[in-house]
Each structure stands twice: as C-alpha cells, then as structure tokens.
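First comes the structure, then the notes that go with it.
The values are calculated or read from the model by the stated rules, or taken from the named source; none is laboratory data. In this text the structure is predicted, and so the values were computed from the model without any measurement. Methodologically, a virtual Cβ is constructed for each residue, glycine included, from the backbone with ideal geometry; neighbour enumeration extends over all protein chains shown. Protein only, heavy atoms only, side chains kept; ligands, DNA and RNA dropped before computing areas. Shrake-Rupley method; radii C 1.70, N 1.55, O 1.52, S 1.80 Å.
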Amino acid sequence: MFIIYLISVCISLLAFITTTAYTQNLINSEQHNNRTKTTTTTTTTRSDIQIELNQNSTVSVLGSSLSSNDFSNLPHLHDALNIFDINYLATQWVNVRKDVSVNCSKDIYKYLNGLNDGSIWALKMDDASGHYTSGFFYGNNYWMGSMSLCNAIHRTGDYDRVGGYDREKIAIRNEGLPFSKDHIYNYPSTYNDNPPFMLGFFIIKMFFNETYPIKVARTIYAGICLPSTCDRVDVKQLFQKAQKQLDSRQIQIIDVRMPTDQKFNIYHDRTFWILAIVSTIVFILILSGTVYEIYLSKRFKEVLRQQDKEMMNNSETSSGIGCASSDYGDSVTRESLKKDSLKDLQIVLNLPKDKENCEITNGNPNTNSDEYLEGHLHVSDKLSVYSELLLSFSAITNFKTICDHNVGADTLASIHGLRAFSMFWVILGHTCIVVFKYSDNMEMRKDVERNFLFQAITNGPFSVDTFFFISGCLVSYLYFRTNAKGKLNKLAKGSSNELTRCAAHFFGLVTYRFMRLTAPYMFVLGVVQVTMKYLAATSIFEPPTTDHLTCPNYWWRNLLYINTLFPVEQMCMLWSWYLANDTQFYIIGAIILIIGVRHFKLSALTTCTFLVLSWIVTAIVAFNNNHRPDTDDPLALFDKIYDKPWTRLGPYLIGMAVGWILFRTNCKIRLPRMAVMTAWSLAIVNLLVLVFGLYRAELSQFTAALYSSLSHSAWALSLAWITIACSTGYGGFVNTLLSAPCVYPFSRVTYCAYLVHPIVIRSMALNADAPMHLGGDTMVIMFFGFVVASYLLAFVVSISFEAPVVTMLKILSPSRKKRLA
C-alpha cells in the first residue's frame, strides 16, 4: 500500500506540473490573439504587399505592375550556394597559382586543361566533387560528392600505360551482356585514361552565413576531388579563391580533412595487436573446451541422457514467484543421482537447483542471475581444476544455456522481459540520435518531434532508469536471501569480529562484480578504440564522439568505473556512463545492505537520506542551468544532469526497497482486488504521463526543475508495482509477456548488446559514401537491422568472454563445494 501511495503522490505532482504548463500556454495563446486582433485593425491595400525577408530588407511587390517586371535576370539560389566554382577558379588561376605549392599548382593546371579538353577523368573529378543540389531548407548540410567515384577514377586493372585500357580485354570481360561492346566503345565515361596525377578526396568543414533570401547560419560539409599533391593549406587557399565574393554570404573554413591519405594503419596500432592476441587465445580456449566437452559427452553419453530427462522432469518455468540463483553458491546435484548413476562414473552434473539453494548475483541490470551462464557438465575431483576451467569455455554449453527457454525456480522471471524490452528501447533511441546526425534532411527531425507518438523516443532515457531499478532490486533481494542462509559467511571465513566480516563481505562483493563485468567491457573498449580510429581517419563524416582521441588517454577511468566523475569531453565510450554509475551505486548499495543485516533502521534511514538528497541536488542543478525537459534535447545537459550519479540514484534505491519487500514477504502478498486494480491504474497512468505528458507543454523554470528531480524516481515507482505484482501473482497478461521464454536469450546477452550496439550503428553511418535520406519506413528497417546485428555480435562476445568468466568465478568461488569423488 505504501507503493500505491507513493505512485499516487507522484502522479499528483506530475499532474500539477502539466496543468500549470497548459494553463500558462492558454494564457499566452489568449494574449497572442488579443495582440493579433489589435494588429489586424490596421487597413492594408491589396496593391501593396510587403514580405519581410530579414531584419534589414523588405521586398515590395506591387500587384498593379507585375506585368511590367523584367524576369530575365532572376536571382537563383544555386548562385548563392555555389561555394566551389571551378570555372571561377580557372579565370583567377593566374593570380591563384602563386598561393599554393609548386606541385599542387602544376597538377591543378593539368586538371584545368583536362576540363578544357573535355577529358573524361577531369569531368569525373568535377562530378565527384560536392555541389549544392537541393534540400538546403530541409537540413541538407552535407554536399559530399562521392569519395568512391574519386578513388575509382585512377585504375590499375586492365590498363596499358602506353595505349590506355585494353579494349579487347574489356570487351571479353563484358561479353554476354546486352549491347556490351557498343556500351564500352560508345560510352567512354565508363572507362577512361588515368589522370596524370594521383587523386585525393578532401572534406571541408565551414561555417556558412547566408543572408539571401533569409538569414541562415549553419555548418556545411563539402567534399572535393583534387590532386593528392595538394595539402590541406593548398586546399584551403583553392577553396577560398574558387568562390565569388557576395555581399550576402560569409564563409569561414573551420577544418580540412583528407580521408584518403591513409595515415592510420591498423597493423601499426598496438591496441589492435593486443585485441588480436587476446582473441586468438580465447578462440583456442573455446575450441579446446568444446572438443573436450564433446569427448566427455561421448564418454558419458548415457549419464547425460539421464541428466536431460531429469532436467525436463524437475525444471519449471518461473512465473515470477521465487528467487534467482547466486553467484556465490555452487551447483547442487540431485540426491538420487549422487547415490546411483554418478557414483561409478566419477562425475558431477549440474542439475536444476532446489528452491532452498538461492544465491546472489552481482546486481547488474543487464545480467540477471547467472544460472544460464554456468557450464552444463562438471568433472569430479579426478579431473583438476584446470580441466574444469577449460570446460567453462565450451561453446556448445554456453550457447545452449544462453538459448535455454527455462529459468531457475529461484529467478524473478519478469525481470527478463523488463531488461530485454528496455534494451530494444535503448537501441531505438541511439539509432535516431546517430542516424539523424548524418542525414540530408535534418529538418525532418523537427517535424517528427512534433508527432505525439515520437515522445516515446524523446523520453527514451527512462529505459536506463529501468536498468538501474532492476540492478537495485536484484542486489537487495538476493543479498538478503543469501545472507539469511549463511552463505556469505564463507567469504569472511576466519574473521573474528563484525567489522572484519563486513569488510570481507564488501570486498568480496565488489571484487566479484569487477571480475564479472570487466573482461567483456575492456575487450569492447579496445574494439571501440581501434574502430573509431579507423573510421575517424577514413570516413567522410566526422565521428559523433572523439573516442579515437579519448580512449588511448583515459581508458583507465573506464577500468576503474569513475569516468562519469570527469568532463564528458574526456570520456571514452560515451555510453559507458551507465556502467560507471551502476558500479558506483552497487558500492553504495553493498554498504547499505551489509549495515542493514544488523542495523536495519540505520540502513533504511541512510537509503531515504540518499534518495531525498538526490532529488534536492537534481532540482538545484536543473534550476540553476534553466533545464527545460519540455523543450530541451534530453542530452542537452549531459555533463551536468544526464550522466551524473547523484542525479540518477533514485531508481536504484527504489529498486533496493522493492527487493527488500519481496524478501520480507517471500514473494507472497495478499491484496484486495480493489487495491490491485487501483495500483495498476496508477502505475499505467504514471508511465503514460511521464512519456507523453510533456507533449506541447510549457514548463516554468521551477516546475521544470521539479519535473527533472522527480521524474526518474516516479518511473521507478511504477516499475516497483509491476515487479511486485508479477512476483506475487497479480501480474496477469503483463507477467505472461514479461516472462515469455522467447525473451530469455535476449535478456541474457543484454549486457554485451549494450556494449556493442553503438559500434554497429556508428559503423553503418560512418562507412556510408553519402548522407542518408530519412523516412519513417527507413528508420524502422534500420532499427530492426541494428537489433539483429547487435544481438548477433553480443552472442559472440558473451560466449567468448562473459559466460566463461562467470563459470570460472563459480569454480574459484570460496563457497565452492568439494566435488564428489
């Protein structure tokens, strides 16, 4: 009932904020209408219509004299946007050639002569250079031309240095196609003699300030195909001289890049070789572990058949009632198999655990209990620990356990659905952020954002609050259950006083989490560093972040999970802010939980204090920076509000409270029907208000700060009821959806999917030869493509790094039981 009360209070606050905003909007609208009525009382004549184009000029169109106007010299938008006019450069060449280097001057002169003679290679160079085409007012800031065409002009295949291309070879190569020979001989634009110099493709980034026909200031990117003997200084000079001076236009060059200079050699990169060596070692271990398991499977085929039958008879699909498995406990075998079939064969098989044997997870929202990642087959004491460690790399076992449609009886099954659907939401949001940046119709985003349903994407950051909530819920729930069974005492074996035991518990929890998460994290970080170095050097687009510069210098902050405590400009793997925050929350949560075992009231008071302080700090920061969630981009104050742990702590603490409630009630809560219906109604309304409530709303500075402070915790309150309802039998079809077996595999690799999905999105966008033209259908298709590609890559990373580490930690755990002989 306390959860219901909190949700109702939150909805009341949000309703107050929204109502205030709409009221202010109505007042502003009424004032505007009054001003409009006053203005329209002024008489106007139909013969004189004035259109204000900018602050300094107006155009008078006299209706009575339209027929006498001369339209022979109309101004053209193309003239104002022609920023690299090769014809104008040719007329100025006598004065320009002394401003560039000697070699560049000679090759540019050859280029101009080639254009004058109508040489195909010269025309292709001009064709490969970027020009204004259309869509300027719809956000087309990329006039990139074609780097692929520029690179293809100079060919080496089938080329005779004396006589050009061998036409006989060409004809033979194309024989069989309709009119192939006629096409080759009659359309020389397909093949041409090589230019007398090597080519380079240059990207010019400029600040463009245009006052005709309206004042426009934006950043433009233009691609130009020129001789490679010209350096960046030469290109800057040529670009400035190749544009007519217009009073209505100001152009300032910001940067010149040359993606074709091949300065980055991946084989000379130290990080690449580290990744290659690590990948080779892991591949050998996976291959060895897989072969070894095949050998053991054939040797003990009959026992494995009995195990599979036993698993089918005893395992059950969790309905959300029960607890999840542990990271510290060990596998428990069935007594019948201990006494009979396993006695002579000297092996131990990992069968479904008894409900009484609950264990603890690391609390990571992207990884639930690790029962799905533990090996299928274990060998007894006659095999060394090293043999067991080798088996943890078996690809067969790891793949089967990830794709298993069953969960342990001690698992909160609804958590799987929350995690999987939230990950899809994250991928959708990141797809829109990256793809919109590299489109030739950026203004479409403004139109789309006015759509009511697009608020679901704009408010995508709530998906990360779901991860925080899940993490807090699991770490609290599983810690209390595991501690109640005395299993955590094994971590402090030999300790004589309470302080020592608590310290041992704390360092055990933190060490396990560090080992559990860091292996795949650091591997993916290395991949990001190498990939972004390559893309930054070869792509025609600027990368969205500077990982190629920050990762080599600041990777150690990611290793220590403290990167959110530094400026965002120095952050490597921008999306890793979540891992840093979650780890910092885990440390705080572990301290609170350890204290709560003996001093529950002190622990509860500390939790409430942290929660209130988080609200206050967030409100102060939002108010001082005039943050407006109704109009600002969700990432507008990334470095001050979005990624800072003190502003995102609320959902984690609420999740911890929910975990304690489920532990205290043993997932058995009796509620009247009316209370259940009321709680579901409040939770749904709360979620809808948070996602769609700011549509066309106008918040004051105070209400905006209040919304920023409470919205994340309000989201977690609704999730609190959903989790409790699904875990205690009140979930209905929602629990059926969230606990569906088809989402288990996606949930189990969510951690790796979160790590790798930005690489997939960026690689697609930055490897393109031209900006994308976006539409609704295009976005949907790209989103599903990114989901599939991200999860395929996540499966590989999980099988290679995540699953083996989890199993090895179980084997080396202090609470590991002695294997049967």
| said: Scan the stretch 428-446 and tell me whether some residue there is aromatic (Phe, Trp, Tyr), assigned to a helix (DSSP H, G or I) and either in contact with an Asp or Glu (Cβ under 6 Å, 6 or more places away or on another chain) or open to solvent by 10 Å² or more (accessible area, probe 1.4 Å) (or both). | reply: yes
| query | In the stretch 700-712, how many residues are open to solvent by 10 Å² or more (accessible area, probe 1.4 Å) and among the aliphatic types (A, V, I, L, M)? | reply | 2
| remark: Of the residues in the stretch 200-241 that are modelled with pLDDT of 90 or more and among the small types (Gly, Ala, Ser), the one that is surrounded by the fewest Cβ atoms within 10 Å (Cβ to Cβ) is SER228
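Could you say which residue among VAL743, VAL787 is open to solvent by less than 40 Å² (accessible area, probe 1.4 Å), assigned to a helix (DSSP H, G or I) and touching a Gly at 6+ places or on another chain (Cβ under 8 Å)? Spell out how you get there, then give the answer.
Numbers: VAL787 fails: touching a Gly at 6+ places or on another chain (Cβ under 8 Å).
Of VAL743, VAL787, the one residue that is open to solvent by less than 40 Å² (accessible area, probe 1.4 Å), assigned to a helix (DSSP H, G or I) and touching a Gly at 6+ places or on another chain (Cβ under 8 Å) is VAL743.
From the list LEU710, LEU690, LEU694, LEU699, which one is within 20 Å of HIS627 (Cβ to Cβ), over 28 Å from the mean Cα position of the chain (by Cα) and among the aliphatic types (A, V, I, L, M)? Talk me through it step by step, then tell me what you get.
Working: LEU710 fails: over 28 Å from the mean Cα position of the chain (by Cα); LEU690 fails: over 28 Å from the mean Cα position of the chain (by Cα); LEU694 fails: over 28 Å from the mean Cα position of the chain (by Cα).
Going through LEU710, LEU690, LEU694, LEU699 in turn, the sole match is LEU699.
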| message | Need pairs with beta-carbon distance below 8 Å; first residue farther than 15 Å from ILE540 by Cβ and assigned to a loop (DSSP other than H, G, I, E, B) and within the stretch 135-146, second open to solvent by less than 20 Å² (accessible area, probe 1.4 Å) and at pLDDT 90 or above; sequence gap 6+ or separate chains. | response | GLY139/SER439
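Looking only at the stretch 410-456, how many residues end up being of a type in the set (D, E, K, R) and within 17 Å of LEU635 (Cβ to Cβ)?
The first filter runs over the stretch 410-456 and keeps only residues of a type in the set (D, E, K, R), leaving 410, 419, 437, 440, 443, 445-447, 449-450.
Going one step further and asking which of them are within 17 Å of LEU635 (Cβ to Cβ), we end up with 437, 445-446, 449.
Number satisfying all stated conditions: 4.
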| Mind checking which pairs have a first residue in the stretch 394-408 that is open to solvent by 30 Å² or more (accessible area, probe 1.4 Å) and a second that is not in a helix (DSSP H, G or I), Cβ under 7 Å, 6 or more apart or different chains? | LYS400/HIS376; ASN406/SER315; ASN406/THR317
| field | Output for the stretch 408-453, where each listed residue is basic (Lys, Arg) and over 28 Å from TRP721 (Cα atoms) | value | LYS437, ARG445, LYS446, ARG450
| query | Within the set of pairs 6+ apart or on separate chains, which have a first residue in the stretch 572-601 that is outside any helix (DSSP H, G or I), a second that is of a type in the set (Lys, Arg), and C-beta atoms under 9 Å apart? | reply | CYS572/ARG557
| task | Sort out which residues of the stretch 101-132 are open to solvent by less than 50 Å² (accessible area, probe 1.4 Å), without any contact (Cβ under 8 Å) to a residue 12 or more places away in the chain and assigned to a helix (DSSP H, G or I), and write them in order of number. | result | SER105
| message | Being out of contact with any strand residue (DSSP E or B) (no Cβ under 8 Å at 6 or more places or on another chain), surrounded by 15 or more Cβ atoms within 10 Å (Cβ to Cβ) and of a type outside the set (A, V, I, L, M) is the filter here; which residues of the stretch 248-278 pass it? | response | PHE264, ASP269, THR271, PHE272
| query | How about the stretch 449-469: which of its residues are touching a Phe, Trp or Tyr at 6+ places or on another chain (Cβ under 9 Å), part of a helix (DSSP H, G or I) and free of Cβ contacts under 8 Å to residues at least 60 places away in the same chain? | reply | ILE457, SER463
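The rows are residues; the columns are (1) closer than 19 Å to SER129 by Cα; (2) within 28 Å of the chain's Cα centre (by Cα); (3) of a type outside the set (Gly, Ala, Ser).
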| residue | (1), (2), (3) |
| --- | --- |
| ARG257 | yes, yes, yes |
| THR271 | no, yes, yes |
| ILE274 | no, yes, yes |
| SER279 | no, yes, no |
| message | Suppose we filter VAL612, VAL528 for residues that are under 30 Å from ALA503 (Cβ atoms), at pLDDT 95 or above and not assigned by the TED database to the domain that holds MET144; which single one remains? | response | VAL612
| said: Can you tell me which condition TRP715 does not meet? The list is (1) over 25 Å from GLY526 (Cβ atoms); (2) open to solvent by 40 Å² or more (accessible area, probe 1.4 Å), and all the others hold. | reply: (2)
| query | Could you list, in sequence order, the residues of the stretch 657-691 that are within 21 Å of GLY472 (Cβ to Cβ), open to solvent by 60 Å² or more (accessible area, probe 1.4 Å) and in a helix (DSSP H, G or I)? | reply | TRP660, ARG664
| note | Among the residues of the stretch 408-420, the number that are at pLDDT below 90 and under 28 Å from the mean Cα position of the chain (by Cα) is 3
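For the stretch 566-575, does any single residue satisfy the condition of being polar (S, T, N, Q), crowded, with 18+ Cβ neighbours inside 10 Å and in the same structural domain as ALA504 (by the TED database)?
No.
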